[in-house]
Amino acid sequence: MKFDRSGVNALMEITSRPELVFVRGQGSWLEDHTGKRYLDFVQGWAVNCLGHCPPEVVKAINEQSARLINPSPAFYNEPSMELAKRLTGASCFDRIFFANSGAEANEGAIKLARKWGRLNRKGAFKIITFDHSFHGRTIATMSASGKPGWDTLFAPQVEGFPKADLNDLDSVRALIDDQTVAIMLEPIQGEAGVIPATREFMQGLRKLADDHGLLLIVDEVQTGMGRTGKLFAYELSGITPDIMTLGKGIGGGVPLAALCAREAVSCFEHGDQGGTYNGNPLMTAAGVAVFDTLTAPGFMDEVNARARQLSEGLLALSAQWGMQGERGEGLLRALMLDRNDGAAIVETARDWMPEGMLLNAPRPNLLRFMPALNVTAGEIDLMLQRLDEVIGKVRAA
Ligand SMILES: *Cc1c(COP(=O)(O)O)cnc(C)c1O
């Protein structure tokens, strides 16, 4: 197949993309229009938790698409109730609202917290969020995000998202006032470069929220659904949040997200929340297939074994090249480089012949790894070995 320039010109130019068209994928491997294969450690941005085209999800989508695609959100459908039961059964939450993207789930969390504030805290509406956080690309979630530059892009912002510093409890305490209703954070900041909130900080936030009558919201769009070696990352710190959002891995690649809340916080009234595609059976059927695979006996043990292998391999690479070590939880990890050649490494790995490799550098001096949760030991070894070769080539140049 030839690269289609007219097709490129018909798309809005929203980011710089390589001149590659991906045509098929299986597990940890992608294939482009020339037939070249790539070992994929990006997986649609931590979305394909079971790799490309996992048979369980393909089967669920095939069967559901032949049965019922969308009766409208004004009616109940089986897959959405099945998935909601599974999520509430496996978490501290009692109620689920399904959405189509992480940003939309976070919008829902913000609305729910504001509604709760109106009912319980005299109209308090401010949600404390964090510098360098990422919560999505709608206007409100961009305002909630602490990405440098986003405070002026598309101004004016949505009001009411004061920013604290991650892992600094005093910086959070200093922002609390009568108008504060919630604290919202990623248990591990993903886009910022895989920066974990410490266990003590998460526990401190829970106590601070309890002392001041605030809600604690965890954005687990990236960390949820097994990514960190637990089904949900909040479990790592032994706390119970009031609201959680899920996205990315929950659909195994299809657009699905969820807003999860404890009963006492589930205060939406009729008309407050909705959406044409929300909770449609086609996507939630995919979600059920993903959930059942992640929670099958032994699955998470394998994730944790692969996570240890990846962590040890990255540490060894770091030592060998004089880098700054590695960090992360489960299969969301980062290699801290000793110089700003992240982009060059990503590009060289992608263009490697005869087989390429897909990596991600969210910062110039850092590589992020978010492979399929069912990545094999052999694939991790291959990635580490090739990464070593790629670094060698980049640094020899
Ligand atoms: C990706 C991401 C989002 C946004 O999800 P979309 O599906 O792209 O809207 C929100 N929060 C976190 C932590 C994310 O990683």
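When +1 charges are put on Lys and Arg Cβ atoms and -1 charges on Asp and Glu Cβ atoms, the dipole computed for the chain relative to its Cα centre reaches about 320 debye.
Angle of helix 199-212 to the longest C-alpha principal axis of the chain, folded into 0 to 90 degrees and rounded to 10: 20°.
Kindly state, to the nearest 0.05, the FRET efficiency for residue 76 paired with residue 319, given R0 = 41 Å and r defined as their beta-carbon distance. Don't skip to the end; give the middle numbers.
Working: r = 56 Å, r/R0 = 1.35.
It comes out at approximately 0.15.
Enter the mean projected area of the convex hull around the alpha-carbon atoms of the stretch 31-159, in nm², rounded to one decimal. Directional mean of the projected Cα hull area for the stretch 31-159 stands at 12.6 nm².
With coordinates expressed along the principal axes, the C-alpha atoms belonging to the stretch 297-396 extend over 45, 30, 22 Å, beginning with the largest. Rounded to the nearest 20 debye, the dipole size of the stretch 177-321 about its Cα centre is 560 debye, using +1 on the Cβ of Lys and Arg and -1 on the Cβ of Asp and Glu.
Working from Cα pairs under 8 Å separated by at least six residues, relative contact order for the chain is 22 percent.
When the helices of the chain are scored as -39500 (n - 2.57) per DSSP H run of n ≥ 4 and the total is divided over every residue, the value at 222 nm lands at -11500 deg cm²/dmol. Diffusion coefficient of the stretch 26-103 by Stokes-Einstein, Kirkwood radius over Cα pairs, 37 °C, 0.692 mPa s: 213 µm²/s. Using Cα centres only, tell me the gap between the stretch 18-44 and the stretch 97-120 in whole Å. That distance is 35 Å.
Counting only heavy atoms of the protein chains, get the accessible area per residue of the stretch 264-389 (1.4 Å probe) and round it to a whole Å² value. Could you put the intermediate results ahead of the total?
Numbers: 5280 Å² over 126 residues.
I get 42 Å² per residue for the stretch 264-389.
Regarding the stretch 135-246, what is the average projected area of its C-alpha convex hull, in nm²? Show your work: numbers first, answer last.
Details: hull surface 27.1 nm².
If I average the Cα hull's projected area over directions, I get 6.8 nm².
Ligands, DNA and RNA left out, the 1.4 Å accessible surface of the stretch 7-147 is 55% carbon and sulfur atoms. Amide H contacts of residue 257: 99, 100, 101, each under 5 Å away and 5 or more positions distant or on a separate chain (H built 1.01 Å from N in the peptide plane; Pro and chain starts excluded).
Positive-end ranking of 258, 6, 281 along the dipole of the chain, with charges on Cβ about the Cα centre, is headed by 6. Each residue of the stretch 145-157 is assigned a 3J(HN,Hα), and the resulting list reads 6, x, 6, x, x, 6, 6, 10, 5, 6, 4, x, 6 Hz, derived from the Karplus form 6.51 cos²θ - 1.76 cosθ + 1.60 (θ = phi - 60°), x at Gly and Pro. Please state the Cα pair-distance histogram of the stretch 1-68 with 10 angstrom bins from zero: what percent is in each bin? Histogram of Cα-Cα distances, whole percents per bin: 17, 36, 34, 12. Surface analysis of the stretch 61-206 yields an accessible area of 48 Å² per residue, using protein heavy atoms and a 1.4 Å probe.
With a 1.4 Å probe and every protein chain kept in, tell me what percent of the accessible surface of the stretch 297-396 is carbon plus sulfur.
Details: 2050 of 4190 Å².
Carbon and sulfur together cover 49 percent of it.
Rounded to the nearest 20 debye, the dipole magnitude of the stretch 297-396 is 300 debye, with +1 charges on Lys and Arg beta carbons, -1 on Asp and Glu beta carbons, and the Cα centre as origin.
Between the C-alpha center of the stretch 331-397 and that of the stretch 154-205 there is a gap of 30 Å. With θ taken as phi - 60° and the Karplus curve 6.51 cos²θ - 1.76 cosθ + 1.60 applied, the whole-hertz 3J(HN,Hα) list for the stretch 221-235 is 4, 9, 8, x, 6, x, 4, 9, x, 10, 4, 10, 5, 4, 5 Hz, x standing for glycine and proline. Taking θ as phi - 60° and the Karplus parameters 6.51, -1.76 and 1.60, the scalar couplings of the stretch 97-111 work out to 10, 8, 10, 9, 7, x, 4, 5, 4, 5, 4, x, 5, 5, 4 Hz in sequence order, x denoting glycine and proline.
Per the Kirkwood formula on distinct C-alpha pairs, the Rh of the stretch 55-294 is how many angstrom? It would help to have the intermediate numbers written out before the result.
Numbers: mean 1/r = 0.0556 Å⁻¹.
Kirkwood radius, the stretch 55-294: 18.0 Å.
The amide H of residue 186, built 1.01 Å from its N in the peptide plane, has 219 as neighbours under 5 Å, considering only residues 5 or more places off or on other chains.
The values are calculated or read from the model by the stated rules, or taken from the named source; none is laboratory data. These numbers come from a predicted model, not from an experiment. No Cβ is skipped: glycine too gets one built from the backbone with ideal geometry, and neighbour counts run over all protein chains shown. Ligands, DNA and RNA are excluded from the accessible area calculation, which covers all protein heavy atoms including side chains. Shrake-Rupley method; radii C 1.70, N 1.55, O 1.52, S 1.80 Å.
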